[in-house]
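Colleague: My structure is below; once you've seen it, I'll send some questions.
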Amino acid sequence: MHEFRVQVGPAAFRIGSQWKRPLDQLAELYRDYPVPQIPDYSVRLESVSLLRRFIRPSVAINGDYMLPDAAPLPLEQGLLAAEMAMNLQMALGWRRHVLLHASAVEKDGKALIMTGQSGSGKSTLAALLGHRGWRFMGDEFVLVDLESGDAVPFPRLISLKNEAIGAMLATALDGRFGPLMPSTPKGDIRHLVPPSDAIAHMARPARPALLLFPSFGFDAAVREVGPSEVFMRLTQASTNYVALGEKGFSTLTRFVQTVPARAIDYRDGIEAEALVNQLWAECA
Amino acid sequence: MDDDTKSPNPLNSPTSRRRALMLGAATASAIVSVRPALAQSAASVMNCEIPVPGPHGTGMNIDSYGKLVPRDTPGSFPATGQKFTGEQVKAALRGRSLPGTSYDQSQAYVNYIRRLQSGQSGFTCYASLQMSR
Amino acid sequence: MVTPLDSLTLVYQRRSGITHIVAEPAPEILAAMGADALTADEVAQRLAAQFDFDSAQAADIIAARLNELADLGLVERCYA
C-alpha cells in the first residue's frame, strides 16, 4: 500500500493506493504543498476486484465519507479519482466552516467569490484571475469561517475542463500542468498547479467583498441579486449548511446581508475580467 | 423585488394608509424548508405566481426558445401576462402543459420562465421552485 | 431566530435545526400573533388593522397557513 499526504488550506489528507502511479502524479503536482503529520481524512483508491487490479484496472474510491453507487474509473484517471475523493471527504465531512461550491480569488485582503453550477465558468474565471493579479484561493470550495465570516483558502489543483484547458495553456505560460485525461465522465480534464503565491499564502483568509453568479456563453450583462435569492442559491451550493445548524444559519444570513451580489453573463475571459474589475471598483 | 401594490385612497388619512398584504391561495404553501443538498426535498411549492410575460415584456410575443420577440414574429406565441402559480409551473417543468395552453405554447412559456432573471417579475417564485425539488 | 430579507423571511427553528424560508403572509401572521393563542378569525382581525387585503376568504387562507406553520412546529395548536 502506497501513501501520499498533503495539506490544503485547513484540511489534511492521506491518500492510500495499491497502485503507485496515481500517487506519483499527485506527489509531483503537489510538491510545493506542506505535508501534514495528522490527516483529517483518509482516502483509499482500491481495485474493484482482485482480477481488475491488473486487467483493465479500475479504481474505486473509498474513504471516511462515501457516496454509494459511485462508478469506478479506469486507472489512467486515478489522479482524477484521488481529486474527486478529496472533494467528497470535504463535501460530506467538513464541519469547521460553511462549505460553498464556489471559487474565490483575493485582492487587498478582500475576497471575490464566484458560485454557480457546472459550466458556469467559476473555476475557469478563478484560474484566469489568479494569473492576472489576483491571489487564487480555490476553484471548487470556498470555506466561510463560522465566527469571523472570512473566506478561508482551499487551493487544490485547479481542475480545467474541455475548452478551459486550451485557454489556460495560453494564459499560464509558466504553469505546471498535469497529464491530459481525455473522455472522463466530466469531459476532457487537465489539472493546473495554482500559482506559487496561492500555495505560499494558503493560510491567509480574506473578507468576502463581492459575490458573483457567472453565466458563460451569453452577451455581457450585469444584474443585481437580492439577499433572499442569494440565500436560497447558497443553501443549494452548500453541502454542509444543514449539518451546521444554528452557526450555519447565522454565518450565512450575515453573509447575504453584508456581501453585495451580482449575476454576470459573459462570452469570453476578456469580457469577464472587464466586468469583474468594474464591479470590484463599484462594490468592494 | 417587491410585488406589493400601493392603493392610495384620498379618503384615508395618511396614518391609516396600509400596505397591501398578499394572502395568496389557501392551497399554496408559504414555506420552503432547507433540505440537505444531497437529499430530495419534499417541501411544497411557495405561494407565488409567475406572469408570462412579466411587465417588462408587455406587448411582445414569446418564441419557442422563451425569448421575447416582436408581435408579428413567425412561429412565436402570443402572451397576455397570464399568471401561473408555482405549482402549475412545477408540473410544467415535469412535462404537463400549463393550463389553457397547447403543448408547443406551454414549452415556449416554460422556456421563458427558465430564462427569468433577478429583478424580473416571477423570478423569486421560479428560484424557489428550484429549491423545492 | 428570525431574519427578514428583501422579499422573504428566514426562520431558524432551534428545536429541529431546520431553516425555513418563509413568504408572505406567514411572517406577518407570526408577527401579528406574538405569543397569543388566537383563532384564524382573530388573526385576520389583527392583520386587517395593519394591512390591506381582500377579506372574503382571509380566514380560510389564514387557517391554512396556521395549519402549515403548526405542522412544521412554528406555532402550537391549542384546543379550547
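Read-outs throughout are calculated quantities, based only on the coordinates presented, and are distinct from any laboratory measurement. Small disclaimer: the values here were computed from a predicted structure and weren't measured. All Cβ positions, glycine included, derive from the backbone under ideal geometry; neighbour counts span all protein chains shown.
Colleague: Go ahead and collect, in residue order, the members of region A:165-199 whose backbone nitrogen is under 18 Å from a label point 7 Å along the Cα-Cβ direction of A:Asp24.
Modeller: Residues passing the 18 Å test: A:177-181.
Colleague: Let me ask something else. Cα atoms only, chain C: Rg and Dmax in Å?
Modeller: 12.6, 37
Colleague: Follow-up question, since we're still on this one. Nearest 0.05, what FRET efficiency do A:Ser148 and A:Ile270 give at R0 = 41 Å with Cβ-Cβ as r?
Modeller: Given R0 = 41 Å and the Cβ-Cβ separation, E is 0.75.
Colleague: In chain A, which whole DSSP H runs stretch at least 18 Å along their own axis (Cα) and average -0.5 or higher on the Kyte-Doolittle scale?
Modeller: What comes out of the filter, once short or polar helices are dropped, is A:78-93, A:241-258, A:269-283.
Colleague: For the pair B:Lys67/A:Lys107, report the inter-label distance in nm, with labels modelled 7 Å from Cα in the Cβ direction.
Modeller: Inter-label distance under the simple model: 3.2 nm.
Colleague: Also, I was wondering about something else. So what is the 222 nm mean residue ellipticity for chain A from helices alone, if each DSSP H run of at least 4 adds -39500 (n - 2.57) and you divide by all residues, rounding to the nearest 500 deg cm²/dmol?
Modeller: -10000 deg cm²/dmol
Colleague: Could you give the spread of the C-alpha atoms of the protein assembly as shown along their three principal axes, from largest to smallest, in whole angstroms?
Modeller: Principal extents (Cα only, largest first): 80, 61, 50 Å.
Colleague: Looking only at the protein assembly as shown, where both bridge partners belong to it, what percent of the DSSP beta bridges are antiparallel (to the nearest 5)?
Modeller: Details: 60 of 79 bridges.
Antiparallel: roughly 75 percent of the beta bridges in the protein assembly as shown.
Colleague: DSSP beta bridges in region A:97-283, what fraction antiparallel, as a percent rounded to 5?
Modeller: Details: 28 of 39 bridges.
Counting only bridges with both partners in region A:97-283, antiparallel ones make up about 70 percent.
Colleague: For C:Met33, A:Met168, what ranking results if the residue with the fewest other Cβ atoms within 10 Å of its Cβ goes first? Don't jump to the answer; show the numbers that get you there.
Modeller: Working: C:Met33 17, A:Met168 22.
The fewest-first ordering by Cβ neighbours comes to C:Met33, A:Met168.
Colleague: Here's a follow-up. Which residues make up the longest stretch of chain A that has no trypsin sites (Lys or Arg not before Pro) in a DSSP loop with at most 16 other Cβ atoms within 10 Å?
Modeller: With trypsin sites (Lys or Arg not before Pro) excluded where exposed in loops, chain A gives A:187-266 as its longest stretch.
Colleague: Find which of A:Val8, A:Ala82, A:His101 sits farthest along the positive direction of the dipole of chain A, computed with +1 on the beta-carbon of Lys and Arg, -1 on that of Asp and Glu, about the Cα centre.
Modeller: Positive-most Cα among the choices belongs to A:Ala82.
Colleague: Report, in listed order, any pair from A:Lys20/A:Lys122; A:Lys107/B:Lys67; A:Lys186/A:Lys247; A:Lys110/A:Lys161; A:Lys161/A:Lys247 with a Cα-Cα distance greater than 30 Å. Mind dumping the intermediate values first?
Modeller: Values: A:Lys20/A:Lys122 32 Å; A:Lys107/B:Lys67 38 Å; A:Lys186/A:Lys247 34 Å; A:Lys110/A:Lys161 27 Å; A:Lys161/A:Lys247 35 Å.
Violating the 30 Å Cα-Cα cut-off are A:Lys20/A:Lys122; A:Lys107/B:Lys67; A:Lys186/A:Lys247; A:Lys161/A:Lys247.
Colleague: Obtain the nm distance between the two label points defined at C:Gln45 and A:Ala200 by a simple spin-label model: each point lies 7 Å from its Cα along the Cα-to-C-beta direction.
Modeller: It is 7.3 nm.
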